[in-house]
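The values are calculated or read from the model by the stated rules, or taken from the named source; none is laboratory data. Here the structure is a predicted model, which means the values were calculated and not measured. Cβ placement follows ideal geometry from the backbone for every residue including glycine, while neighbour counts extend to all protein chains displayed.
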Amino acid sequence: MTVTDGPLEWLALARGTLDRAAERRGDDAWLAAAWDDPRTRVLPVHEGRAPVVHEPAPALVFVPPAQAPDGDRLLLGVDADGTAYFTVAGEFAVEGADRAGLRRVGALLGDRDSGLLTHAVALEHWHATHRFCPRCGTGTRVAQAGHVRVCPRDGAQQFPRVDPAVIMLVTDPDDRVLLARGPQWPADRRSILAGFVEPGESLEQAVAREVHEEVGLHVRDVRYLGSQPWPMPQSLMLGFTAVTDETELRPDPEEILDAAWYTRDGLRAAIDAGEIVAPGPLSIAAQLIMRWYGGELPNMPPF
Ligand SMILES: [Zn+2]
């Protein structure tokens, strides 16, 4: 089976199509005019969920500015025909629409809507959890249409926080893949290894450190293959492959409950037998595993 050599081609949460229009964020006249324009679309978000319809195809439901919840107007961007998109965090009720978040619909939405929801929930979480100046504790105010918070006392600026995390598919000399189970996971769930990047560390160093900490292996040929935002709540997942010349696994019992090598036939058999469940297609993990496997996995869980 041929494994493609290139980068990951499809990542559910990395499909946004809008121009983020960063040059408009400080233009108060443009922002006010956009808010007064009835073509402008506002996506209400509350606790990571937004209004969604499922028929005829999954899509976000927007409201005109006049029907938006009260709250800070966060500019998401402008589409090709000049329509502006904002999000506002707050309770909402949109007739005929369901409420759904990224885990449920992130992979089902079209490219534009997937990108909008990913951006909106990331901003919502950041504003909800970064209300005070980290220097002096004063309450901060929103600036730059939601992409900066400023301290009125000392002027310190805070930018939306993103935590880089590496996720890596490790293969052994027989091209078997390493899958493991994290401590909080259901008994049959398996995935590849992952971890947060530490201060003062490169991405490649983080891959090598995490693999060694979690299963005791040394890796080489760390290769970057793609990334996607993972605002659950505030990560950016960076996907890698790595190769090891070792096969003996020494899992850290604090982080890994079970770790094993799988051939392609062995993985298919384990999934067919219901012994393990692979990650769903929303995740970069699934895309890395499918790239190694050479196609879709059997019994892949629904989005
Ligand atoms: Zn301050």
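Assessment of segment 262-283 against the conditions (surrounded by 14 or more Cβ atoms within 10 Å (Cβ to Cβ), more than 18 Å from Val177 (Cα to Cα), touching a residue at least 12 places away in the same chain (Cβ under 8 Å) and out of contact with any Pro (no Cβ under 9 Å at 6 or more places or on another chain)) yields at least one matching residue. Within segment 85-97, the set of residues being crowded, with 19+ Cβ neighbours inside 10 Å and modelled with pLDDT under 95 comprises just one member, Phe92. Mind checking which residues of segment 113-139 are under 16 Å from Gly90 (Cα atoms), among the charged types (D, E, K, R) and more than 16 Å from the ligand (Cβ to nearest atom)? Once the filter is applied, which keeps residues that are under 16 Å from Gly90 (Cα atoms), among the charged types (D, E, K, R) and more than 16 Å from the ligand (Cβ to nearest atom), segment 113-139 yields only Glu124.
Checked against (1) farther than 20 Å from Pro38 by Cβ; (2) crowded, with 16+ Cβ neighbours inside 10 Å; (3) hydroxyl-bearing (Ser, Thr, Tyr); (4) in contact (Cβ under 8 Å) with a residue 60 or more places away in the chain, Thr140 passes all but a single condition, namely (4).
Taking segment 67-84 as the range and being surrounded by 23 or more Cβ atoms within 10 Å (Cβ to Cβ) and farther than 20 Å from Ala128 by Cβ as the test, only Ala84 passes. Restricted to segment 147-167, and to residues there that are touching a residue at least 24 places away in the same chain (Cβ under 8 Å) and not hydrophobic (A, V, I, L, M, F, W, C), the residue that is farthest from the ligand (Cβ to nearest atom) is Pro164.
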